[in-house]
1. Out of the residues in the range A:21-33 meeting the condition of being of a type outside the set (Ser, Thr, Tyr) and within 15 Å of residue A:47 (Cα to Cα), tell me which one is farthest from DNA strand C (Cβ to nearest atom).
2. Would it be correct to say that residue A:51 is small (Gly, Ala, Ser) and open to solvent by less than 30 Å² (accessible area, probe 1.4 Å)?
3. Need the failing condition index for residue A:25 against (1) farther than 26 Å from residue B:60 by Cβ; (2) more than 12 Å from the chain's Cα centre (by Cα), just the number.
4. Return the pairs, sorted by first residue and then second, in which the second residue is near DNA strand D (Cβ under 8 Å from one of its atoms) and among the β-branched types (Val, Ile, Thr), the first residue lies in the range A:29-47 and is more than 18 Å from residue A:62 (Cα to Cα), the beta carbons are less than 9 Å apart, and the residues are 6+ apart or on different chains.
5. Touching a residue at least 24 places away in the same chain (Cβ under 8 Å) and either more than 14 Å from chain B (Cβ to nearest Cβ) or on the phi < 0 side of the Ramachandran plot (or both): does that describe residue A:64?
6. Among residues belonging to the range A:37-49 that are more than 8 Å from DNA strand C (Cβ to nearest atom) and more than 8 Å from every other protein chain (Cβ to nearest Cβ), point out the one that is farthest from residue B:5 (Cα to Cα).
7. Could you list, in sequence order, all residues of the range B:3-20 that are within 11 Å of DNA strand C (Cβ to nearest atom) and loosely packed, with under 13 Cβ neighbours inside 10 Å?
8. With the requirement that a residue be farther than 9 Å from residue A:47 by Cα, β-branched (Val, Ile, Thr) and over 9 Å from the mean Cα position of the chain (by Cα), what does the range B:38-59 give you?
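The values are calculated or read from the model by the stated rules, or taken from the named source; none is laboratory data. Keep in mind it's a predicted model, so treat the numbers as computed, not measured. For neighbour counting, all protein chains shown are included, and Cβ atoms are generated from backbone atoms with ideal geometry for every residue, glycine included. In case anyone asks, the SASA skips ligands and DNA or RNA and just uses the protein heavy atoms, side chains included. Shrake-Rupley method; radii C 1.70, N 1.55, O 1.52, S 1.80 Å.
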Protein chains: 2
Amino acid sequence: MAKLKISNTIRRCRFDADEMTQKALAEKVGVTRQTIIAIENAKYSPTLELAFQIAEVFGKPLSDVFTYEP
Amino acid sequence: MAKLKISNTIRRCRFDADEMTQKALAEKVGVTRQTIIAIENAKYSPTLELAFQIAEVFGKPLSDVFTYEP
DNA sequence: TCTACATGTAAGATATATTTGACTCTGAGT
DNA sequence: ACTCAGAGTCAAATATATCTTACATGTAGA
């Protein structure tokens, strides 16, 4: 799968959510800190399930956290 | 990652979209027919990128095609 | 009946996401 | 100066998504 066309606002969401740390977010969604870093920096595309879980943590719809630019 | 909590309306979307076939959908998003089958039947969670591409084919927001039940 | 197509399943291979552990760097506090 | 927490990187291992190929079934049409 080619270049990633997905951007996200996780970093902003974390700070809006009382400056939640990467580690804290990772623990809430049940993955490691490295996975959160990789997703924040758009190193690869997460599974849909993980994307939903992250959005849920912030109480936002998935489309507020992840956006796709074709 | 545990049991899948994601359901989808791909099958309905395909029929609404002039009875688009699994093969046709697969070609439009650049994956194989088996991948579409597996996702339709919720065998596993697709990548976020693929989910966005599928929703785009139907001209719908991702949340209309995939829903997450915590 | 015969053919073609849509759908489903399955096994083995490959690609990618995720984990684990270690290391570095910077900024805030003491 | 020292420590600590947050953030980032890297390499190797594991888990999962995706591919390839092949086969089976049901249904529609010639």
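1. Filtering first and then ranking leaves A:29.
2. Details: small (Gly, Ala, Ser): yes; open to solvent by less than 30 Å² (accessible area, probe 1.4 Å): yes.
The answer is yes for residue A:51.
3. If we test residue A:25 against (1) farther than 26 Å from residue B:60 by Cβ; (2) more than 12 Å from the chain's Cα centre (by Cα), just (2) comes out false.
4. Between residues of the range A:29-47 that are more than 18 Å from residue A:62 (Cα to Cα) and residues that are near DNA strand D (Cβ under 8 Å from one of its atoms) and among the β-branched types (Val, Ile, Thr), the close pairs are A:33/A:21; A:43/A:37.
5. Numbers: touching a residue at least 24 places away in the same chain (Cβ under 8 Å): yes; either more than 14 Å from chain B (Cβ to nearest Cβ) or on the phi < 0 side of the Ramachandran plot (or both): yes.
Yes, satisfied.
6. Step by step, filter the range A:37-49, then rank; the result is A:41.
7. Within the range B:3-20, B:11, B:15, B:19 qualify.
8. Residue satisfying the conditions is B:57 alone.
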